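Encoded as structure tokens, the structure appears first; notes follow it.
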Amino acid sequence: MADRVSYLDAAAAAALVAQELPSADRRRVIFLAASATDQLIHCARATAQIDHVGYAGARTEGDAQTTAWPRVDDFGVAVEPDADDPVVSAGSALVTGCPRGVYLACALQAAQLAADNAGVGARADIERAVHWGLTGHSGRGRSESYDANYARGAWAALCPEAKALLEPYRRKASRIV
């Protein structure tokens, strides 16, 4: 695990999951029941998925930086974290200088990964179906189609809550250099 990086430690991720997801949410139940080691593994995987999305601006430390965050915007101004963010003030962020949305997205995506790993997440069902070649199905007044190319994309891998938190930072178009 030494080569893996996470935005959060296990305690911070667990606190954010407990704060943000309802007690009956399967993702919350599964993530909080996991060991601290497993929670950190899910956080590292969530960090890697978050980092594969294209964001506006540039890494603060350029190529020497191992994560996509912290960042500067297209004008070189740092994208500042919230000054009163309890995650940062408690020293629970393993990577400092990120907006709260990045930390929260990491925790929620880690909970989603824990549920998927346990085989109970909706994404796990879809990934299994796409893996076996299913492109669509219908029944009981519902029809679904799967685009395997989209499903493999970095943005598609994120849970809806993480997408909503990270959307303001996404690169909307390619830069002309």
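The values are calculated or read from the model by the stated rules, or taken from the named source; none is laboratory data. As the structure is a prediction and not an experimental result, all values here were calculated from the model. Virtual Cβ from ideal backbone geometry, glycine too; neighbours counted across all protein chains shown. Each accessible area value is taken on the protein alone, full model and side chains, heavy atoms only, with ligands, DNA and RNA left out. Shrake-Rupley method; radii C 1.70, N 1.55, O 1.52, S 1.80 Å.
Suppose accessible area is computed on protein heavy atoms with a 1.4 Å probe; arrange Trp69, Trp155 from highest to lowest.
Solvent-accessible surface, decreasing: Trp155, Trp69.
How much length is gained if the chain between Thr66 and Ala154 is pulled fully straight, taking 0.36 nm per residue apart and subtracting their Cα-Cα distance, in nm to one decimal?
Gain in length upon complete extension: 29.9 nm.
Hey, if you put +1 on the Cβ of every Lys and Arg and -1 on every Asp and Glu Cβ in the range 1-72, which of Ala56, Leu16, Ala44 ends up farthest toward the positive end of that dipole?
Leu16
In a shell of Cβ-Cβ distance under 13 Å around Tyr169, excluding Tyr169 itself, what net charge do Lys and Arg (+1) and Asp and Glu (-1) give?
Counting the neighbours of Tyr169, the net charge comes to +2.
Under a point spin-label approximation (7 Å from Cα along Cα-to-Cβ), what is the Ser23-Glu167 distance to one decimal in nm?
In this crude spin-label approximation the distance works out to 3.1 nm.
Using a 1.4 Å probe and counting only protein heavy atoms, arrange Arg170, Arg45 so the residue with the most accessible area comes first.
Arg45, Arg170
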